[in-house]
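Following: one structure in C-alpha coordinates, then a few remarks.
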Amino acid sequence: MLNLDTHILLHALTDSLTRRESALLSRDTWSISAIVLWEIAKLARLGRVAVDLDDPEPVRVLMRLHTWPLSLDVCRAIRDLDVRGDPADEIIAATSVVHRVPLVTRDQRIRRSKLVPLAV
(Lines give C-alpha, C1' and ligand atoms only; values in the text may rest on other atoms or scores of the structure.)
Protein backbone atom coordinates (compact mmCIF):
# COMPACT_ATOMS: atom_id res chain seq x y z
CA MET A 1 0.00 0.00 0.00
CA LEU A 2 1.13 3.56 -0.77
CA ASN A 3 0.20 6.80 0.97
CA LEU A 4 -0.40 9.61 -1.55
CA ASP A 5 0.04 13.24 -0.68
CA THR A 6 -2.54 15.72 -1.91
CA HIS A 7 -0.73 16.84 -5.03
CA ILE A 8 0.11 13.32 -6.17
CA LEU A 9 -3.55 12.34 -5.78
CA LEU A 10 -4.63 15.44 -7.72
CA HIS A 11 -2.16 14.59 -10.49
CA ALA A 12 -3.54 11.04 -10.55
CA LEU A 13 -7.12 12.34 -10.80
CA THR A 14 -6.19 14.62 -13.70
CA ASP A 15 -3.89 12.15 -15.53
CA SER A 16 -0.84 14.36 -15.08
CA LEU A 17 1.52 12.03 -13.23
CA THR A 18 5.10 11.58 -14.35
CA ARG A 19 5.97 8.30 -16.00
CA ARG A 20 7.78 7.18 -12.83
CA GLU A 21 4.82 8.09 -10.63
CA SER A 22 2.39 6.28 -12.93
CA ALA A 23 4.51 3.14 -12.82
CA LEU A 24 4.84 3.34 -9.05
CA LEU A 25 1.12 3.84 -8.47
CA SER A 26 0.16 1.08 -10.91
CA ARG A 27 2.00 -1.52 -8.81
CA ASP A 28 0.22 -0.97 -5.49
CA THR A 29 -2.98 0.06 -3.77
CA TRP A 30 -3.45 3.68 -2.73
CA SER A 31 -4.28 5.27 0.58
CA ILE A 32 -4.53 8.83 1.83
CA SER A 33 -4.54 10.69 5.10
CA ALA A 34 -7.98 12.13 5.92
CA ILE A 35 -6.51 15.65 5.71
CA VAL A 36 -6.04 15.13 1.95
CA LEU A 37 -9.82 15.21 1.48
CA TRP A 38 -10.00 18.50 3.36
CA GLU A 39 -7.14 19.94 1.29
CA ILE A 40 -8.83 19.01 -1.98
CA ALA A 41 -12.11 20.58 -0.84
CA LYS A 42 -10.28 23.73 0.27
CA LEU A 43 -8.26 24.02 -2.95
CA ALA A 44 -11.42 23.50 -5.02
CA ARG A 45 -13.30 26.16 -3.05
CA LEU A 46 -10.44 28.60 -3.60
CA GLY A 47 -10.46 27.82 -7.33
CA ARG A 48 -6.90 26.48 -7.27
CA VAL A 49 -7.88 23.02 -8.58
CA ALA A 50 -10.62 21.94 -10.95
CA VAL A 51 -11.77 18.88 -9.03
CA ASP A 52 -15.50 18.76 -8.41
CA LEU A 53 -16.28 16.67 -5.34
CA ASP A 54 -19.81 16.24 -6.65
CA ASP A 55 -18.60 14.74 -9.94
CA PRO A 56 -19.17 10.96 -9.85
CA GLU A 57 -15.75 10.04 -11.34
CA PRO A 58 -13.46 11.64 -8.73
CA VAL A 59 -15.89 10.61 -5.99
CA ARG A 60 -15.72 6.99 -7.22
CA VAL A 61 -11.91 7.07 -7.04
CA LEU A 62 -11.87 8.72 -3.61
CA MET A 63 -14.40 6.26 -2.17
CA ARG A 64 -12.17 3.32 -3.17
CA LEU A 65 -9.12 4.65 -1.32
CA HIS A 66 -8.24 3.60 2.17
CA THR A 67 -8.37 6.77 4.28
CA TRP A 68 -6.17 6.93 7.36
CA PRO A 69 -7.78 8.86 10.23
CA LEU A 70 -6.18 11.72 12.09
CA SER A 71 -5.38 9.86 15.30
CA LEU A 72 -3.59 10.50 18.56
CA ASP A 73 -0.67 8.37 17.33
CA VAL A 74 -0.35 10.51 14.19
CA CYS A 75 -0.43 13.69 16.29
CA ARG A 76 2.26 12.32 18.58
CA ALA A 77 4.43 11.38 15.59
CA ILE A 78 4.30 14.97 14.34
CA ARG A 79 6.38 16.03 17.37
CA ASP A 80 9.27 13.80 16.27
CA LEU A 81 9.25 14.58 12.54
CA ASP A 82 12.40 15.98 10.99
CA VAL A 83 10.15 17.91 8.58
CA ARG A 84 8.52 21.23 9.41
CA GLY A 85 6.15 23.24 7.30
CA ASP A 86 2.55 23.13 6.26
CA PRO A 87 0.47 21.41 8.98
CA ALA A 88 -1.34 19.24 6.43
CA ASP A 89 2.00 18.02 5.05
CA GLU A 90 3.13 17.17 8.57
CA ILE A 91 -0.06 15.15 9.15
CA ILE A 92 0.44 13.30 5.84
CA ALA A 93 4.09 12.56 6.65
CA ALA A 94 3.28 11.44 10.21
CA THR A 95 0.56 9.16 8.83
CA SER A 96 3.19 7.35 6.77
CA VAL A 97 5.48 7.08 9.79
CA VAL A 98 2.80 5.69 12.13
CA HIS A 99 1.33 3.20 9.66
CA ARG A 100 4.67 2.37 8.01
CA VAL A 101 3.23 3.12 4.59
CA PRO A 102 5.55 4.59 1.95
CA LEU A 103 4.62 8.13 0.96
CA VAL A 104 4.45 9.27 -2.65
CA THR A 105 5.29 12.97 -2.78
CA ARG A 106 7.12 15.56 -4.84
CA ASP A 107 7.70 17.73 -1.76
CA GLN A 108 11.47 18.10 -1.46
CA ARG A 109 11.39 18.92 2.26
CA ILE A 110 9.60 15.64 2.97
CA ARG A 111 11.81 13.73 0.51
CA ARG A 112 14.88 14.80 2.56
CA SER A 113 13.39 13.29 5.73
CA LYS A 114 15.27 10.48 7.45
CA LEU A 115 12.09 9.34 9.23
CA VAL A 116 9.32 9.34 6.65
CA PRO A 117 9.17 6.11 4.60
CA LEU A 118 9.17 7.10 0.95
CA ALA A 119 8.03 5.16 -2.10
CA VAL A 120 10.86 4.87 -4.59
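The values are calculated or read from the model by the stated rules, or taken from the named source; none is laboratory data. The structure displayed is predicted, hence computed values, not measured ones. No Cβ is skipped: glycine too gets one built from the backbone with ideal geometry, and neighbour counts run over all protein chains shown.
Here residue 119 passes the criteria (1) more than 13 Å from the chain's Cα centre (by Cα); (2) surrounded by 17 or more Cβ atoms within 10 Å (Cβ to Cβ) except the one numbered (1). Scanning segment 72-110 for residues that are over 13 Å from the mean Cα position of the chain (by Cα), in a helix (DSSP H, G or I) and among the charged types (D, E, K, R) yields 73, 76, 79, 80, 109. Within segment 8-40, the residues that satisfy the criterion of being surrounded by fewer than 17 Cβ atoms within 10 Å (Cβ to Cβ), under 14 Å from the mean Cα position of the chain (by Cα) and not aromatic (Phe, Trp, Tyr) are 29, 34, 37.
The rows are residues; the columns are (1) out of contact with any helix residue (DSSP H, G or I) (no Cβ under 6 Å at 6 or more places or on another chain); (2) outside any helix (DSSP H, G or I); (3) in contact (Cβ under 8 Å) with a residue 40 or more places away in the chain.
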| residue | (1), (2), (3) |
| --- | --- |
| 8 | yes, no, yes |
| 15 | yes, yes, no |
| 21 | yes, no, yes |
| 48 | yes, yes, no |
| 54 | yes, yes, no |
| 63 | yes, no, no |
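Quick one: residue 28 ticks every box in (1) without any contact (Cβ under 8 Å) to a residue 24 or more places away in the chain; (2) charged (D, E, K, R); (3) in contact with a strand residue (DSSP E or B) (Cβ under 7 Å, 6 or more places away or on another chain) except a single one, so which number is it? Failing condition for residue 28: (1). The conditions of being in contact with a Leu (Cβ under 8 Å, 6 or more places away or on another chain) and within 24 Å of residue 21 (Cα to Cα) are not met by residue 98. Answer yes if at least one residue in segment 42-52 is under 21 Å from residue 98 (Cβ atoms), surrounded by 15 or more Cβ atoms within 10 Å (Cβ to Cβ) and modelled with pLDDT of 95 or more, and no otherwise. There is no residue in segment 42-52 that is under 21 Å from residue 98 (Cβ atoms), surrounded by 15 or more Cβ atoms within 10 Å (Cβ to Cβ) and modelled with pLDDT of 95 or more.
Condition check for residue 117 on (1) out of contact with any strand residue (DSSP E or B) (no Cβ under 8 Å at 6 or more places or on another chain); (2) modelled with pLDDT of 95 or more: one failure, at (1).
If you scan segment 23-38, which residues turn out to be of a type outside the set (Gly, Ala, Ser) and either farther than 19 Å from residue 92 by Cα or in a helix (DSSP H, G or I) (or both)? Scanning segment 23-38 gives 24, 25, 27, 35, 36, 37, 38.
Could you say which residue among 76, 60, 64, 111 is loosely packed, with under 14 Cβ neighbours inside 10 Å, at pLDDT 95 or above, of a type in the set (Lys, Arg) and within 23 Å of residue 25 (Cα to Cα)? It is 111.
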